[in-house]
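Notes for the one structure printed next.
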Amino acid sequence: MWKVLLVEDEVFVRASVRQIIDWEELGFTIIGEAGNGVEALDLIKNSQPDLIICDIIMPLKNGVELLKEAREAGSEARFVMLSCMNDFEYVQQAMQYGASNYVLKLSMSVNVMKDLLQKVDLELQHHQKQKLQPISQELWDTYNLIWKSLFSQEEVEEPDLIDLPTTPIQDFKDHYLTIFSILHGASNFNQMSFENLRLVEDPRRAIMHFFTNSGQTTVFSWSPVPQKVLVGPASDYPYPIAFIRVESPDQLAKAWRAVIKKIDNFWYHYDTGLVRSNIYDKFNSSFQIPWDKIHSLLQDLDQDNTAKCQEIIEKIWATLQDNFLTMYLVKETAIQLDSLFCHINQSHPGGSKDYRNCLTHEQLKDLLVENITDYINKKNWERQQITDHPEINKVISYISQTYYKEVTLSTLADYVGMDANYLSNLFKKKTGENIIHYIHRIRIDHAKNYLIHTGLPVNEIGEKVGFMNDNYFIKIFKRFTDLTPSHYRRAKR
């Protein structure tokens with residue numbers, strides 16, 4: 001609500017102005033009255049009204065003097081002067097000092113006052129937006145800090161502990177905040193999109209900030225007056241939408257978390273519509289992804305077992321849903337897995353944007369399975385193109401699928417029906433390295449992957465990539481990297 005101060009020496013005129021219209025219906029509230037300019041100046045300094053309706057002719061200090069001294073004191077309030085027919089010279093002076101308008105006391109009516117206040121309302125909105133625009137830019141740091149604190153496993157401040165009153169949010173303390181969260185996926189979403197949803201009565205009265213991440217946009221709508229949310233049938237909305245009214249800017253972090261929780265419901269059980277959130281709703285961001293299943297997945301990926309990979313992903317996705325892991329972290333998990341698979345297959349990763357723009361848990365899983373299948377097919381095609389000798393290509397393919405088992409020269413020779421010595425010389429000629437060195441390199445590449453992306457102990461990683469002796473694994477690893485496995489893990493993290 002815009003704050004109004006009435007300044008008029010005649011009590012009955014003040015009463016008439018107060019009663020002539022419903023102030024709050026127009027977004028204004030009268031916070032005080034003064035009978036002369038001296039009294040009014042003290043109230044202006046202490047109460048900081050947005051609008052001052054002021055008589056021109058008053059005892060002690062007239063309206064023009066009050067306007068001039070209020071400006072000198074730093075007041076940015078709009079002034080509307082009340083005058084009689086013979087006060088026109090004073091009215092001209094007041095307009096020169098920046099008064100917004102004037103009203104003749106004899107012509108004051110409901111319609112005149114309504115028109116006047118609507119114009120003043122637009123002036124105040126424009127002034128407020130200009131004043132807060134630089135602060136709005138600073139607010140992005142606060143929004144980003146809260147966002148990171150909601151999801152990050154890194155050492156960032158918990159959202160409930162962030163001292164919001166010390167951030168630029170304090171400059172919006174006189175505003176009413178409503179938060180909307182819209183799950184729109186790859187569709188572009190901006191202020192025009194929001195206004196087309198017709199969620200609030202007058203969206204242009206508010207200062208709006210749009211924060212988009214992972215196919216979801218959060219709209220922070222800061223309004224000088226309480227905003228009425230227009231709730232219609234679900235068919236009116238093309239997206240899932242959650243909203244919450246925030247009683248105090250200090251609750252912004254909790255409120256944001258609450259609307260994200262509601263969006264999580266849509267993520268696992270997709271539907272469109274508008275739902276209200278509760279400040280006490282919380283989501284699960286502490287659940288750890290099941291690395292035991294992911295280890296099995298990596299092994300099946302190495303063996304090009306597409307069906308088994310899909311089966312394990314199905315189990316992982318069911319576990320994430322059973323634990324109701326928040327949508328953002330599910331998407332980040334998919335992006336991490338894609339990156340891991342690409343590293344193993346030496347492929348370019350699928351676009352993280354495609355993962356973040358998924359609208360449902362099921363859609364994300366299908367995209368991940370599709371990309372894994374593409375990686376495996378690409379790897380199989382590339383294996384056939386490694387050298388110009390088909391039997392050497394068969395050996396390379398066999399090694400890539402069985403590197404974690406015992407692989408010997410005689411085993412490979414039997415596999416392609418060649419003499420062991422002949423195979424050894426031919427392999428060196430076609431690839432530039434001997435067979436044992438090649439096997440070690442493949443094993444060490446996979447060991448690096450495990451060290452970077454998992455928390456498995458070094459001895460267990462050695463076994464997983466085909467080294468049954470810990471010391472031998474460390475010796476070979478150091479030969480390829482100049483670091484022990486433990487030092488390599490610390491360096492890469």
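The values are calculated or read from the model by the stated rules, or taken from the named source; none is laboratory data. Treat the numbers as computed from the prediction; the structure is a model and nothing was measured. So basically every Cβ, Gly included, is an ideal-geometry build from the backbone, and we count neighbours across all protein chains shown.
For segment 192-219, enumerate the residues that are of a type in the set (S, T, N, Q) and farther than 22 Å from A253 by Cα.
Of everything in segment 192-219, those that are of a type in the set (S, T, N, Q) and farther than 22 Å from A253 by Cα turn out to be S193, N196.
If I filter segment 1-45 down to residues being among the β-branched types (V, I, T) and free of Cβ contacts under 8 Å to residues at least 40 places away in the same chain, which single residue comes out as surrounded by the most Cβ atoms within 10 Å (Cβ to Cβ)?
The extreme case among them is I44.
Could you check, for segment 276-290, whether at least one of its residues is under 25 Å from G185 (Cβ atoms), surrounded by 17 or more Cβ atoms within 10 Å (Cβ to Cβ), under 19 Å from the mean Cα position of the chain (by Cα) and at pLDDT 85 or above?
yes
What is the number of the single condition among (1) without any contact (Cβ under 8 Å) to a residue 40 or more places away in the chain; (2) surrounded by fewer than 23 Cβ atoms within 10 Å (Cβ to Cβ) that A258 does not meet?
Unmet for A258, out of (1) without any contact (Cβ under 8 Å) to a residue 40 or more places away in the chain; (2) surrounded by fewer than 23 Cβ atoms within 10 Å (Cβ to Cβ): (2).
Residue by residue through segment 303-337, note down the ones that are on the phi > 0 side of the Ramachandran plot and either within 21 Å of the chain's Cα centre (by Cα) or at pLDDT 85 or above (or both).
Of everything in segment 303-337, just one residue is on the phi > 0 side of the Ramachandran plot and either within 21 Å of the chain's Cα centre (by Cα) or at pLDDT 85 or above (or both), namely F324.
Residue by residue, here is whether (1) under 35 Å from the mean Cα position of the chain (by Cα); (2) over 26 Å from N421 (Cα atoms) holds:
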| site | (1), (2) |
| --- | --- |
| Y438 | no, no |
| I461 | no, yes |
| P485 | no, yes |
| K492 | yes, yes |
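Check whether at least one residue in segment 338-351 is surrounded by 19 or more Cβ atoms within 10 Å (Cβ to Cβ), in contact with an Asp or Glu (Cβ under 9 Å, 6 or more places away or on another chain) and at pLDDT 85 or above, and report yes or no.
No; the residues of segment 338-351 include none that is surrounded by 19 or more Cβ atoms within 10 Å (Cβ to Cβ), in contact with an Asp or Glu (Cβ under 9 Å, 6 or more places away or on another chain) and at pLDDT 85 or above.
May I ask you to list the residues in segment 178-192 that are out of contact with any Ser or Thr (no Cβ under 6 Å at 6 or more places or on another chain) and at pLDDT 90 or above?
Matches in segment 178-192: I179, F180, L183, H184, G185.
Just to be sure, is N449 free of Cβ contacts under 8 Å to residues at least 24 places away in the same chain and not acidic (D, E)?
Against the criterion (free of Cβ contacts under 8 Å to residues at least 24 places away in the same chain and not acidic (D, E)), N449 does not qualify.
Of these, L60, L51, L82, which one is over 41 Å from the mean Cα position of the chain (by Cα), crowded, with 18+ Cβ neighbours inside 10 Å, hydrophobic (A, V, I, L, M, F, W, C) and assigned by TED's automatic domain parsing to the domain that holds N101? Even if it seems obvious, please write down each step before you answer.
Values: L60 fails: crowded, with 18+ Cβ neighbours inside 10 Å; L51 fails: over 41 Å from the mean Cα position of the chain (by Cα).
Exactly one residue qualifies, and that residue is L82.
Filter segment 470-483 for residues that are surrounded by 15 or more Cβ atoms within 10 Å (Cβ to Cβ) and among the polar types (S, T, N, Q) and give the result.
Answer for segment 470-483, where residues must be surrounded by 15 or more Cβ atoms within 10 Å (Cβ to Cβ) and among the polar types (S, T, N, Q): just T481.
For Q363, only one of the following conditions fails: (1) in a helix (DSSP H, G or I); (2) over 30 Å from G185 (Cβ atoms); (3) at pLDDT 90 or above. What is its number?
Failed condition: (2).
Out of W140, W147, report the one residue that is within 30 Å of L325 (Cβ to Cβ) and modelled with pLDDT of 85 or more. Spell out how you get there, then give the answer.
Details: W140 fails: modelled with pLDDT of 85 or more.
When all the criteria are applied, what remains is W147.
Answer yes or no as to whether Y97 is more than 17 Å from W222 (Cα to Cα), modelled with pLDDT under 70 and either of a type in the set (S, T, N, Q) or surrounded by 13 or more Cβ atoms within 10 Å (Cβ to Cβ) (or both). Reasoning before the result, please.
Working: more than 17 Å from W222 (Cα to Cα): yes; modelled with pLDDT under 70: yes; either of a type in the set (S, T, N, Q) or surrounded by 13 or more Cβ atoms within 10 Å (Cβ to Cβ) (or both): yes.
So Y97 fits the description; yes.
Give the residues of segment 62-85 that are modelled with pLDDT of 80 or more and hydrophobic (A, V, I, L, M, F, W, C), sorted by residue number.
Within segment 62-85, V64, L66, L67, A70, A73, A77, F79, V80, M81, L82 qualify.
Results for (1) modelled with pLDDT under 90; (2) closer than 30 Å to L337 by Cβ; (3) of a type in the set (V, I, T); (4) outside the structural domain of S339 (by TED's automatic domain parsing), shown as yes or no for each residue.
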{"residue": "V407", "(1), (2), (3), (4)": "no, yes, yes, yes"}
{"residue": "A413", "(1), (2), (3), (4)": "no, no, no, yes"}
{"residue": "F427", "(1), (2), (3), (4)": "no, no, no, yes"}
{"residue": "N449", "(1), (2), (3), (4)": "yes, yes, no, yes"}
{"residue": "L456", "(1), (2), (3), (4)": "yes, yes, no, yes"}
{"residue": "K475", "(1), (2), (3), (4)": "no, no, no, yes"}
{"residue": "T484", "(1), (2), (3), (4)": "no, yes, yes, yes"}
